[in-house]
1. Quick one: count up the residues across region 113-132 that are β-branched (V, I, T) and outside any strand (DSSP E or B).
2. Would you mention how many residues in region 90-105 are touching a residue at least 24 places away in the same chain (Cβ under 8 Å) and surrounded by 15 or more Cβ atoms within 10 Å (Cβ to Cβ)?
3. Just checking, does region 54-63 include any residue being among the aliphatic types (A, V, I, L, M), under 21 Å from L120 (Cα atoms), modelled with pLDDT of 95 or more and surrounded by 11 or more Cβ atoms within 10 Å (Cβ to Cβ)?
4. So in region 16-53, with the set limited to residues that are surrounded by 14 or more Cβ atoms within 10 Å (Cβ to Cβ) and of a type in the set (D, E, K, R), which one is farthest from T109 (Cα to Cα)?
5. Does region 35-74 hold any residues that are aromatic (F, W, Y) and in contact (Cβ under 8 Å) with a residue 24 or more places away in the chain, and which are they?
Amino acid sequence: MTRLPTSKQLLVDTQILIWAALGEGLTPNTKKILEETDELFVSSISILEIKIKQAVNKLAYFDVSDQVNQLNAVVLDYSADHAEKYRIFNPKNRDPFDNAIIATALAETIDLLSSDLSILDTPIKGVRTINARQ
C-alpha cells in the first residue's frame, strides 16, 4: 500500500468533503492524511458547489457546515486574490469549480488533496496535488 505524503496545510477539494460526509470513498491513506494534517482548509467554492448539487437534487442533503467542523477544517472564503489566479488550468477541464479551487490553492500556496483525475492530471506550477484515490 502506497503511503501518501502528508502536509502541514492542505486544501481539500469538493469530492473529499462529500466523501467524508457520506462516509464512503475515502481510502485508509487519505483518512490518515486528513488526520495528520496540521491545518485543513475547505474553499467556500466547495460549499457553493455542494449547495448547488443539493438544490438540484444531484446530491443528498447533509449539513455542510457540520461536516467542515467534523473535519476540523477552516473555510477559506474565495477572495479577489484567488480570483486573480483563476484560469483554465487544463483545456480538457473547463469546470469553473475545479479551476477556482486550484486557483485558491495557488494563491494560498497550499497543497491540494483531490480525487478528481482532471485535476490530478494537470501539472500546476506552485501547487502540489495529492491523489486521494491511493
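The values are calculated or read from the model by the stated rules, or taken from the named source; none is laboratory data. Model, not experiment: these values are computed from the prediction. Positions of Cβ are generated from backbone atoms using ideal geometry, with glycine treated the same way; all protein chains shown enter the neighbour counts.
1. 4
2. Number satisfying all stated conditions: 9.
3. Checking region 54-63: not a single residue is among the aliphatic types (A, V, I, L, M), under 21 Å from L120 (Cα atoms), modelled with pLDDT of 95 or more and surrounded by 11 or more Cβ atoms within 10 Å (Cβ to Cβ).
4. Among those that are surrounded by 14 or more Cβ atoms within 10 Å (Cβ to Cβ) and of a type in the set (D, E, K, R), it is K53.
5. F41, F62
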